[in-house]
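Colleague: If you scroll down you'll find the structure; I have some questions about it.
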Amino acid sequence: MVRHTLLEQDRLQRFSEALGAASKVFDTTGEVFFRSLTEHLGAVLHVDYVSIGELCAGGRALKTVAVSVGGKSLENLQYDLNDTPCQQVLERGRFFDHGSVQSHFPKDEFLVEMGFQSYLGVALIDSTGVRLGVMSVMSRRPLTDPKIAELTLGLFAARTSVEMERRRSGRALQASEARNRAILKAIPDVMFVLDRRGTVLDCAANTAHELYAPAEQVIGRNIRERLPPAAAESVARAVEHTITSAESSSVTCSVQTAKGLRVYDALCVPFDADNVLMIVRDVTETRTAEEELRKLPAQLLKAQDQERRRIARELHDTTAQNISALNMNLVRLEQEGVSASAARILADCRALCDASLREIRTLAYLLHPPMLDQVGLLSAVRWLVGGLQTRSGFGITMEAPPEMERLAPPLERDLFFVVQEALLNVVRHSGANTAGVRVERQAANVVVHIRDNGRGMPGAGSPEQSADWTFAGVGILSMRERLRQNGGDLGITSSRQGTTIIATVPLQTDHRTDARGPVRRGH
């Protein structure tokens, strides 16, 4: 009885010494903790091998984070779990074999090669109950006091699990930060964290020159101190709206920088209860390109109108004059006295010359009617309607104010060509037998209606119109562009009962004088 008591006291003393020795490593963390723990456990438990391993390869293998053999740390290694005592640890939570581990795991070549006889292993588990790895000790002889070893290993497993979970979380955090850095590096935007007052709490940019000012002059400063008043107020309103509504808001502002006037798009999104993340992108080049692209159709129309004018002038001044001269020569030849058959041929030639001359003059007028410059839009449209009725046999009506002031010349020209192209489409494609043109002078707009009773055009209101709606080689897109560059728009409604085109433009007047006397320039 006394002997048993002494043995128990001795066991408790050694257990206390083991705890005291191993607990010295509790003040350390990370790799130092793991390495120091394996070295101390090897010494206090009198074992040959101590290992702390982490699951890897989808749970099929262990990779050691610390290994101690004979009190010395070795390089880490990785091994498969199949047919090893560590596999049993992960399945059961812990596994102890006090003296015959080789016979129980004959396929584990490492046990055989190292000559280990005893094995103790405890699963390392995180705070959610997920297996993280294994902490184990092995010896070439049976353990002298396996109970003390089991207690010691079990107690230190909890602390080791915490450290391994921290290690894994740290790696995940580092990986997340690396991904975030990579994303931020790839994003061309500049980011600011602003509080409700507009103070910059933090900022991030790939390169310093992307910031409106150096970072040290931005962080901690209010946007009203760094931005022009108009831009600062726009951003302040967006920040307030985002914080108040918890919804994103956007703003565009122009800022004069060392690189000249720059245009920025800013998106404000909620960051937390009182702060906003503002993502800013320099869109100067994009806006410049968009503006150039917007101007391109107008430039093409201008070039087209200049070409129309040139061709009309050439037809009138050259081709028509040549045909007139040819007709005069035919008259002189006829007066020279010719046979009856020759006289008939000459008469036919003169008739062809007269018809060609009329067609050329009509074409020249359609390309650019001189009366548009001389007497204005209404007279030119009346001439157009009359000529189309004569040539096509269409019944075309026209309604217009008795008098209307002259509009700006570009506007009159564009409205005339819209009417011309619409009416030509009616004649060529609609299948109608009647059409009408109505010009309205409203308080702030001029509105032109062109309607027909034809079969209509499916989808005529769509901007992506098919080639069926091309008029005089220009089409709906050019009609829209002619009106757009004057601040107007084009409306189209179409059904089986016919099509109506409505051209609306803001009223602009010109100070020139027409046949009715002086006219005023509008507002």
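The values are calculated or read from the model by the stated rules, or taken from the named source; none is laboratory data. These numbers were taken from a predicted model, which means no experiment stands behind them. Cβ placement follows ideal geometry from the backbone for every residue including glycine, while neighbour counts extend to all protein chains displayed.
Colleague: Does ALA236 fit the bill of being small (Gly, Ala, Ser) and loosely packed, with under 12 Cβ neighbours inside 10 Å?
Modeller: The answer is no for ALA236.
Colleague: Additional query: Looking for whichever is modelled with pLDDT of 85 or more, in contact with a Ser or Thr (Cβ under 9 Å, 6 or more places away or on another chain) and not hydrophobic (A, V, I, L, M, F, W, C) here; the options are ARG391, ARG350, ARG406. Which one fits?
Modeller: Details: ARG391 fails: modelled with pLDDT of 85 or more; ARG350 fails: in contact with a Ser or Thr (Cβ under 9 Å, 6 or more places away or on another chain).
One residue alone meets the criteria, ARG406.
Colleague: If you go through region 32-55 one residue at a time, how many are aliphatic (A, V, I, L, M) and either part of a helix (DSSP H, G or I) or modelled with pLDDT under 90 (or both)?
Modeller: So the count comes out to 6.
Colleague: Could I ask something else about it? When region 124-156 is examined, which residues are found to be out of contact with any Asp or Glu (no Cβ under 6 Å at 6 or more places or on another chain), crowded, with 20+ Cβ neighbours inside 10 Å, at pLDDT 90 or above and not β-branched (Val, Ile, Thr)?
Modeller: LEU124, MET135, SER136, MET138
Colleague: Sticking with this structure for a sec: Residues in region 118-154 that are of a type outside the set (D, E, K, R) and in a helix (DSSP H, G or I): how many? So that I can check it myself, show each step before the final result.
Modeller: Pass one, region 118-154, residues of a type outside the set (D, E, K, R): 118-125, 127-130, 132-139, 142-144, 146, 148-149, 151-154.
Those left that are additionally in a helix (DSSP H, G or I): 146, 148-149, 151-154.
Residues meeting the conditions: 7.
Colleague: Tell me whether region 174-183 contains one or more residues that are closer than 25 Å to PHE33 by Cα, among the polar types (S, T, N, Q) and assigned to a helix (DSSP H, G or I).
Modeller: Yes, that holds for at least one residue.
Colleague: Residue by residue through region 94-113, note down the ones that are surrounded by 13 or more Cβ atoms within 10 Å (Cβ to Cβ), of a type outside the set (A, V, I, L, M, F, W, C) and free of Cβ contacts under 8 Å to residues at least 60 places away in the same chain.
Modeller: Passing the criteria: ASP97, HIS98, GLY99, GLN102, HIS104, ASP108.
Colleague: In region 397-419, what count of residues is obtained for those that are surrounded by fewer than 21 Cβ atoms within 10 Å (Cβ to Cβ) and either polar (S, T, N, Q) or part of a strand (DSSP E or B) (or both)?
Modeller: Qualifying residue count, region 397-419: 3.
Colleague: List, please: which pairs have Cβ atoms under 9 Å, are six or more places apart or on different chains, and start with a residue in region 247-265 that is farther than 16 Å from ILE223 by Cα and end with one that is of a type in the set (A, V, I, L, M) and part of a loop (DSSP other than H, G, I, E, B)?
Modeller: These pairs meet every condition: ARG262/VAL283; VAL263/VAL283.
Colleague: Related question: Could you say whether any residue in region 62-74 is basic (Lys, Arg) and over 16 Å from SER161 (Cβ atoms)?
Modeller: So the first thing to find is which residues in region 62-74 are basic (Lys, Arg), and the list is 63, 72.
Narrowing the set further to residues that are over 16 Å from SER161 (Cβ atoms) leaves 63, 72.
Yes, region 62-74 contains at least one residue that is basic (Lys, Arg) and over 16 Å from SER161 (Cβ atoms).
Colleague: Also, I was wondering about something else. Could you say whether any residue in region 18-32 is over 53 Å from the mean Cα position of the chain (by Cα) and polar (S, T, N, Q)?
Modeller: Narrowing region 18-32 to residues over 53 Å from the mean Cα position of the chain (by Cα): 18-25.
Those still in the list that are polar (S, T, N, Q) too: 23.
Yes, that holds for at least one residue.
Colleague: What residue, of LEU277, LEU267, LEU301, is surrounded by 12 or more Cβ atoms within 10 Å (Cβ to Cβ), of a type in the set (A, V, I, L, M, F, W, C) and in the same structural domain as ALA364 (by TED's automatic domain parsing)? Don't jump to the end; show me each part of the working.
Modeller: Numbers: LEU277 fails: in the same structural domain as ALA364 (by TED's automatic domain parsing); LEU267 fails: in the same structural domain as ALA364 (by TED's automatic domain parsing).
The conditions single out LEU301.
Colleague: Can you name every residue in region 372-383 that is under 13 Å from GLN420 (Cβ atoms) and crowded, with 19+ Cβ neighbours inside 10 Å?
Modeller: We begin by selecting, within region 372-383, every residue under 13 Å from GLN420 (Cβ atoms); these are 372, 377, 380-383.
Answer for region 372-383, where residues must be under 13 Å from GLN420 (Cβ atoms) and crowded, with 19+ Cβ neighbours inside 10 Å: LEU372, LEU377, ALA380, VAL381.
Colleague: Still on this structure, I have one more. Which one of GLY386, GLY393, GLY337 is more than 30 Å from ALA408 (Cα to Cα), surrounded by fewer than 16 Cβ atoms within 10 Å (Cβ to Cβ) and not assigned by TED's automatic domain parsing to the domain that holds ARG308?
Modeller: Exactly one residue qualifies, and that residue is GLY393.
Colleague: Just checking, how many residues over region 157-171 are crowded, with 18+ Cβ neighbours inside 10 Å and more than 14 Å from VAL50 (Cβ to Cβ)?
Modeller: Total satisfying the criteria: 4.
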